[in-house]
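Asks: Structure in structure tokens, see below.
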Amino acid sequence: MKRALAALLAVALATPLSVASAADPAPAATPFPVVPIEQPAPRSHLAAWGCFAAGAGLMTGSFLIHERANRTYRDYLSSTDPTRIDDLYDRTATLDRISAATLIAGEAVFACGIYLRFLRSPPAARVALELGPSRCGASVRF
């Protein structure tokens, strides 16, 4: 009994459910309209790359200034002349402050480069005004 039921099920699954007619098929529907995709105008990233280079230069310069401050401090530690000691200490403190300011400025300029290259949207995409029956009147993006 199980074999007969299995054979009947196999035959039922193998036979097509609808018989194809010999008549011509119905004409195909009209194809979907081709919608052109607007490519954004290429932007120059020259300012961003300039900020990257300037930021890297400032950060490298800060390390060089810091090394000079360390050398001046070593001279301060080994000096025995009281007037030279005061001068070397003041120069060390000044170079250390300049080094810190240069490092912070370099990081800020480098972060500006990251913003300009990767985060800023094109200026035309921020505010748009389009008139038409199926368009939104105005759009503002932040």
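The values are calculated or read from the model by the stated rules, or taken from the named source; none is laboratory data. The structure displayed is predicted, hence computed values, not measured ones. Positions of Cβ are backbone-derived with ideal geometry, glycine not excepted, and every protein chain shown enters the neighbour counts.
Asks: Tell me which residues, restricted to segment 44-75, are over 22 Å from the mean Cα position of the chain (by Cα), loosely packed, with under 13 Cβ neighbours inside 10 Å and among the aliphatic types (A, V, I, L, M).
Replies: Answer for segment 44-75, where residues must be over 22 Å from the mean Cα position of the chain (by Cα), loosely packed, with under 13 Cβ neighbours inside 10 Å and among the aliphatic types (A, V, I, L, M): just 64.
Asks: For residue 128, are the conditions met, namely being at pLDDT below 95 and in contact with a Ser or Thr (Cβ under 6 Å, 6 or more places away or on another chain)?
Replies: Against the criterion (at pLDDT below 95 and in contact with a Ser or Thr (Cβ under 6 Å, 6 or more places away or on another chain)), residue 128 qualifies.
Asks: Give me a count of the residues in segment 67-105 that are over 21 Å from residue 55 (Cβ atoms) and among the basic types (Lys, Arg).
Replies: 4
Asks: Do we have any residue at all in segment 76-93 that's under 23 Å from the mean Cα position of the chain (by Cα), surrounded by 13 or more Cβ atoms within 10 Å (Cβ to Cβ), at pLDDT 95 or above and assigned to a helix (DSSP H, G or I)?
Replies: No: zero hits.
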